[in-house]
Amino acid sequence: MKNEELRMSCESEAEAEYFNKDFDWEELRAEVESNPSFHYHFLPFQSSNSQSHSSQTDVDAWKQFHTRHSSGKFFKERRYLLKEFPELLHCGPNSKLLEIGCGNGSTVLPILRANKDVIVYACDCSNETLERAKEIISATNVVSYIHRFHTFCCDLSTNGFPNWLACNPCQDKFLQKHLNSFSDVKADNGLNFTNSYSPQDCHTCVGGVDFVSLIFTLSAVPLERMPRSIKECFTVLKPGGMVLFRDYGLYDMTMLRFEPEKRVGFREYMRSDGTRSYFFCLDTVRNLFVGAGFTELELDYCCVKSVNRRKGKSMRRVWVHGKFQKPTYCQQ
């Protein structure tokens, strides 16, 4: 996908109002799957390209992406997320939010502005990107925003979160317990877990944050590393804490524009700049989160018709919206 198309994609995400049923996803699915020109999207994928692509290569690609678009004008503020996730408006004093893959702060700034009590911890795989995010927050000249915004560099899919975000004994025990699941990922795409989680597994855990936001971040993680990423989110949440999820959905306009040679896995694509994107169906998201111990609260397709006024084109965008909760029985 060219940068112009990605920019259009980001603009339509930013401008989307809270109308998430402009069209029926099942009707779109029938139309796409009956169109011979899209047949290559559904073919089995045998290549090992996805496995051979190193985590450092992924990180470097996103660093270069943010360097190219460092002006802060490429991404617009995602104010619509406050309508999608009103929990961020009504949480109690000193509630903590962990924003994963914060980029230049397009998600964080509206939250800091709307809720004077929330404390935001924001991570990204690029130190340069984090510096830009801090510059944008500082440029508001609002002392409260600056004091409630804390950044750290992290690639959760490979290194996990820093120890201070979670209870260390619980984190070690939890990740060791699921080590076998990681070794089975390549065989079943990491999407079919048995929920072997039990209350005894986290009797020492109090977690660190009240909310984790995964906003157009998980799709950039290689499929085989997604299970570990979700389990990392579980370890840093307090009992009763929630993951707020939004990402690209199956048959989104941007998926259908990828050419056959851009496929690097099943429903997984790589742009010409080296950044990748996965397109989720509801079952994939459900299996990832429930398999990590979460309870599903909300999960649905968000289907929005977005108009490119400059080109006079209507675009059918598909995103997956979800809310998942860590069980409250993890309390001591």
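At-a-glance table
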item	result
For peptides 121-133, 268-280, 223-235, 299-311, sequence by mean Cβ density within 10 Å, most packed first	223-235, 121-133, 268-280, 299-311
Contour minus Cα-Cα distance for Glu261 and Trp164 (0.36 nm per residue)	30.7 nm
Prolate/oblate/rounded label for segment 96-140 (Cα gyration tensor, a/c 1.5)	oblate
Packing-based order for 321-327, 102-108, using average beta carbon neighbours within 10 Å, highest first	102-108, 321-327
Cβ-defined net charge surrounding Thr328, 14 Å radius [Lys, Arg +1; Asp, Glu -1]	+1
Accessible surface, segment 117-165, averaged per residue in Å² (probe 1.4 Å)	46 Å²
Carbon plus sulfur fraction of accessible area for segment 212-299, probe 1.4 Å, in percent	49 percent
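The values are calculated or read from the model by the stated rules, or taken from the named source; none is laboratory data. The structure displayed is predicted, hence computed values, not measured ones. Every residue, glycine among them, receives a Cβ derived from its backbone with ideal geometry; neighbour counts consider all protein chains shown. When the accessible area is computed, the model is the full protein with side chains, heavy atoms only, and any ligands, DNA or RNA have been set aside. Shrake-Rupley method; radii C 1.70, N 1.55, O 1.52, S 1.80 Å.
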